1. Would you mind checking the tilt of helix 92-121 against the longest principal axis of the Cα atoms of the chain, expressed as 0 to 90 degrees and rounded to 10?
2. After finding the eigenvalues of the alpha carbon gyration tensor for segment 95-223, what semi-axes result from the square roots of 5 times each, listed largest first in whole Å?
3. What does segment 88-132 give for Rg and for Dmax, in Å, if only its C-alpha atoms count?
4. Towards the positive end of the charge dipole of segment 3-233, with charges on Cβ (+1 Lys, Arg; -1 Asp, Glu), say which of LEU224, VAL86, ALA195 has the farthest Cα.
5. Using square roots of five times the C-alpha gyration tensor eigenvalues, list the equivalent-ellipsoid semi-axes of segment 1-103 in whole Å, biggest first.
6. Which residue fluctuates most in the GNM of the chain (Cα springs below 10 Å): LEU164, LEU55, LEU214?
7. Quick check for me: using +1 on Lys/Arg Cβ and -1 on Asp/Glu Cβ, what's the dipole size of segment 1-121 about its Cα centre, in debye to the nearest 20?
8. Could you give the dipole magnitude of segment 3-233 about its Cα centre, charging the beta-carbon of Lys and Arg +1 and that of Asp and Glu -1, in debye to the nearest 20?
Amino acid sequence: MPVWLACLLAVGIVSAIPLASAVVLLVDPTVLRRAVPVLVRLATGALLGAVLFDLIPEALAAGQRPSRVAASLVVGLIGFGLIDQVFDRLTSSRRIVWLNFTGDVLHNAVDGVIIAASFLANPSVGIIATLAVSLHEIPRELGSLGIFIHGGLAPARAYGLNALTGLAALGGAALTLVIGLRARGIATEMIPIAAGTFLYLAGTLIRSTGRPRLADAGWIAAGLALIAVTEQFFA
């Protein structure tokens, strides 16, 4: 199988992960609504876990200096804050919807670049990268669906918007196949910026849902643990 075909197939699988959230829609709507607070707390933990156990370590492993990583993270935080101001005319819940959508698109595009670059370097490494990204995406995308519903979207619309973010990974992969491994350098520079956007979004979620109770803190910790375990498994 040509490398480009294997690459697009792998990224297509990763992009389809948001589609798997459709299974949640089979649940009774009232049950789904009751599950949203849990999904939002899981998403908060998964966002923090992605920053602590995935994005920052990956940027450092790629050779970026800690000071550069920290500066890029701040750029992501400030940049997302400015984007938030663009959404300032929206209600608080709708701002969360579009912040989450923007963050998902950025992160999925970077994932697509990394997977494609890994296949171009070595197909075996590409397969491992695909598995690692897929496992990270499952809890995060499920939480993302919860964020969209928490923001006031109907389940069907939340599902559609969540699925749309998966196309960003295909776009990132296609760009990499066109311009080659240089795209990975661009994606590496974007990793700590994506970490900053995730930190901002996690803080926004905590503010919008109020101070976490003990049970809420437990679900946030569970989201953190899911990312930590998958990262350790593929370290």
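1. 20
2. The equivalent ellipsoid of segment 95-223 has semi-axes of 29, 15, 13 Å.
3. My reading of the Cα-based Rg and Dmax gives 15.7, 48 Å.
4. Result: VAL86.
5. Details: eigenvalues 155, 123, 42 Å².
Values for segment 1-103, descending: 28, 25, 15 Å.
6. Result for the chain, Cα springs under 10 Å: LEU214 fluctuates most.
7. On the way: 8 positive and 7 negative charges, 59 e Å.
In total the dipole reaches around 280 debye.
8. Numbers: 15 positive and 12 negative charges, 101 e Å.
For segment 3-233, the charge dipole is close to 480 debye.
Just so you know, all these numbers are worked out from the coordinates, no wet-lab data involved. None of these values were measured; they are calculated from a predicted model. So basically every Cβ, Gly included, is an ideal-geometry build from the backbone, and we count neighbours across all protein chains shown.
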